[in-house]
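Engineer: Following this message is one structure expressed as structure tokens.
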């Protein structure tokens, strides 16, 4: 699985939410929950564990000459609602 993100945006997300987009890649290393967040552009939310916290990341599935990759948009520590959803579905 390949990932891509804007490094400047990653630093801003880290400052605002306490988790960088680079760190958020850990979510995809174990069981995680995915749902669709929007249609235009098509974005998804993954909820999973990162740095010892349950976190959420918004991503888009994009394609280039090498194939498919995940473009990470933003991330944050999971809300109570996201924690409940994760607990009920994983």
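The values are calculated or read from the model by the stated rules, or taken from the named source; none is laboratory data. Bear in mind that the values here come from a model prediction, so they are computed numbers and not experimental data. Reconstructed Cβ throughout: ideal geometry from the backbone, glycine too, with neighbour counts over all protein chains shown.
Engineer: Kindly check whether there is at least one residue in region 36-48 that is free of Cβ contacts under 8 Å to residues at least 12 places away in the same chain, exposed (fewer than 11 other Cβ atoms within 10 Å of the Cβ), more than 19 Å from residue 5 (Cβ to Cβ) and in contact with a strand residue (DSSP E or B) (Cβ under 9 Å, 6 or more places away or on another chain).
Structural biologist: Yes, because at least one residue in region 36-48 is free of Cβ contacts under 8 Å to residues at least 12 places away in the same chain, exposed (fewer than 11 other Cβ atoms within 10 Å of the Cβ), more than 19 Å from residue 5 (Cβ to Cβ) and in contact with a strand residue (DSSP E or B) (Cβ under 9 Å, 6 or more places away or on another chain).
Engineer: I'd like to verify a number: residues in region 49-59 that are out of contact with any strand residue (DSSP E or B) (no Cβ under 6 Å at 6 or more places or on another chain) and surrounded by 11 or more Cβ atoms within 10 Å (Cβ to Cβ), how many?
Structural biologist: Counting residues in region 49-59 that are out of contact with any strand residue (DSSP E or B) (no Cβ under 6 Å at 6 or more places or on another chain) and surrounded by 11 or more Cβ atoms within 10 Å (Cβ to Cβ) gives 4.
Engineer: Then there is this: Within region 78-90, which residues are under 21 Å from residue 38 (Cβ atoms), surrounded by fewer than 16 Cβ atoms within 10 Å (Cβ to Cβ) and either more than 14 Å from the chain's Cα centre (by Cα) or in contact (Cβ under 8 Å) with a residue 60 or more places away in the chain (or both)?
Structural biologist: 81, 89
Engineer: Do you know which of the residues in region 49-76 that are more than 17 Å from residue 37 (Cα to Cα) and in contact (Cβ under 8 Å) with a residue 40 or more places away in the chain is nearest to the chain's Cα centre (by Cα)?
Structural biologist: Result: 69.
Engineer: Does residue 24 satisfy the condition of being at pLDDT 95 or above, outside any strand (DSSP E or B), surrounded by 12 or more Cβ atoms within 10 Å (Cβ to Cβ) and in contact with a strand residue (DSSP E or B) (Cβ under 8 Å, 6 or more places away or on another chain)?
Structural biologist: Yes, satisfied.
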